[in-house]
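What follows is a single structure, written as structure tokens, with notes after it.
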Amino acid sequence: MEKLLKIGSAVVAMWMSFSSSVYAEENASTSSINYNYLYADASSGSLNEDIGGNSNVTAVGVGGSMLYKNSWLLVTDYAARFVHPENLTNEYYSLRPGVGYKYSITDKLDVSSRVRYGILWSSVTDDRTNATLSSDTNSIYGVDLMFTYKAMENLEVTLGGELSRSSPIDEDIFILRGDYYIDEHVAIGGFYTYRDAQTSRTNEGGISVRYAY
């Protein structure tokens with residue numbers, strides 16, 4: 001796990017270096033919604049119950065987004081998820097770079113979509129014996145569709161969904177989030193995520209910090 005967390009830190013560092021140079025050249029946009037940011041998320045939730053029913057899911061994530069040539073998006077994310085069915089711990093670590101496109105319906109309302117493809121590291125551990133029952137590395141891909149509305153001068157609200165597919169787990173994901181910019185660069189946000197993995201489901205709530213560049 002420590003090695004995988006170092007990978008996440010390295011991804012963020014490389015993204016900052018790369019995005020700064022490109023953004024200096026491609027910073028024009030007709031939208032008032034921000035797509036140039038780094039973020040860190042943390043969440044927890046319930047497995048197979050309504051949110052608050054148990055605390056069997058925790059997750060953290062880091063990543064970035066960059067607007068390129070007014071409408072194209074370059075994105076990447078690294079996430080670590082821990083799911084605890086009875087007497088087991090399922091761990092998922094994913095690294096997913098991707099590309100996307102956004103369209104401004106109005107100056108305050110955008111629709112956007114991203115396609116991501118990357119690597120998923122997964123394992124299952126027996127909590128009673130601490131023995132690893134399985135461990136694997138697979139590809140993972142996904143596509144999302146998001147509607148983002150600038151509800152106030154400093155507040156962005158996003159509603160959307162994502163289809164995520166990989167060998168160990170397929171998920172249909174619903175997302176609702178709000179991000180409030182306390183100054184020009186820093187936003188504090190909150191979000192709700194519902195994940196349907198066919199044989200299980202999770203309800204999760206979390207907090208987020210964004211740094212806009």
Handout entry: Excluding exposed DSSP-loop trypsin sites (Lys or Arg not before Pro) (at most 15 other C-beta within 10 Å), longest clean stretch of the chain
Key = 129-213
Exercise for the section: Within the chain, what's the longest run with no GluC sites (Glu not before Pro) in a DSSP loop and at most 10 other beta-carbon atoms within 10 Å? Give the range, please. Expected result: 1-85
Completion exercise
In degrees rounded to 10, the 0-90 angle between helix 2-25 Cα long axis and the longest Cα principal axis of the chain is 10 degrees
Completion exercise
With T = 37 °C, eta = 0.692 mPa s and Kirkwood Rh from C-alpha pairs, the Stokes-Einstein D of segment 93-152 in µm²/s is about 228 µm²/s
Problem - Convex hull volume of segment 42-110 per residue (C-alpha atoms, cubic angstrom) - result: 119 Å³
Exercise for the section: Give the Cα extents of segment 124-163 along the principal axes, in whole Å, largest first. Expected result: 53, 23, 12
Handout entry: Three-way shape call for segment 153-195 based on the alpha-carbon gyration tensor, with the a/c threshold at 1.5
Key = prolate
Completion exercise
Using alpha-carbon positions, the gyration tensor of segment 127-213 gives root eigenvalues a ≥ b ≥ c; with a/c under 1.5 called rounded, otherwise prolate if a/b exceeds b/c, else oblate, the class is prolate
Completion exercise
Here the relative contact order (percent) of the chain, from C-alpha pairs under 8 Å and at least 6 apart, is 18 percent
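Each reported figure results from applying straightforward, stated rules to the coordinates on display, with no laboratory input. Predicted model, so just to flag it, every value in this text is computed and none were measured. FYI the Cβ positions are ideal-geometry reconstructions off the backbone, even for glycines, and counts take in every protein chain you see.
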